[in-house]
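Below: the structure, in structure tokens.
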Amino acid sequence: MSETWEKVVPLSEKIESLFNHHFQHEKTTEEFEGWRDSFWSSDVIRKCHLKTIDHRETRKMWLMHINIFPKPYTHLPILGFDIVAGPKKITGAFF
């Protein structure tokens, strides 16, 4: 595994662990090879979404996508974050 992937893959696992601790897990799907979607909710969060796309072997690319949508009555913002990583560097980071 590359140095970049050694950092970002455990980060997605840590985020998933935190979501599992703080929110109620709704479902996890793997619709396509390498694509994994997980969803959570809570009293305050309408939908929390973590997607990872792992194409390190075939396309030398790994992606993590996060969206958190609060319920309408809260004063919390919508949060979105993406990381795209190749074997040697992060090629995209969007917040």
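The values are calculated or read from the model by the stated rules, or taken from the named source; none is laboratory data. Computed from a prediction, not measured in an experiment: that's the story for all the values here. For the accessible areas, the whole protein counts, side chains as well, though only heavy atoms, and no ligand, DNA or RNA atoms are used. Shrake-Rupley method; radii C 1.70, N 1.55, O 1.52, S 1.80 Å.
Structure data summary
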{"item": "Accessible area in square angstrom per residue, the chain, 1.4 angstrom probe", "result": "68"}
{"item": "Relative contact order of the range 1-89, defined on C-alpha pairs under 8 angstrom at six or more residues apart (%)", "result": "25"}
{"item": "Carbon/sulfur fraction of accessible area - the chain, other protein chains in place, 1.4 Å, %", "result": "56"}
{"item": "Theoretical gain in end-to-end length, ASN67 to HIS25 [0.36 nm per residue, Cα-Cα removed]", "result": "13.7 nm"}
{"item": "Order of exposure, largest accessible area first, which applies to VAL8, VAL84 with probe 1.4 Å", "result": "VAL84, VAL8"}
{"item": "Translational D in µm²/s for the chain (Stokes-Einstein at 10 °C, 1.306 mPa s, Kirkwood Rh from C-alpha pairs)", "result": "113"}
{"item": "Principal-axis tilt of helix 3-22 within the chain, Cα atoms, nearest 10 degrees", "result": "20"}
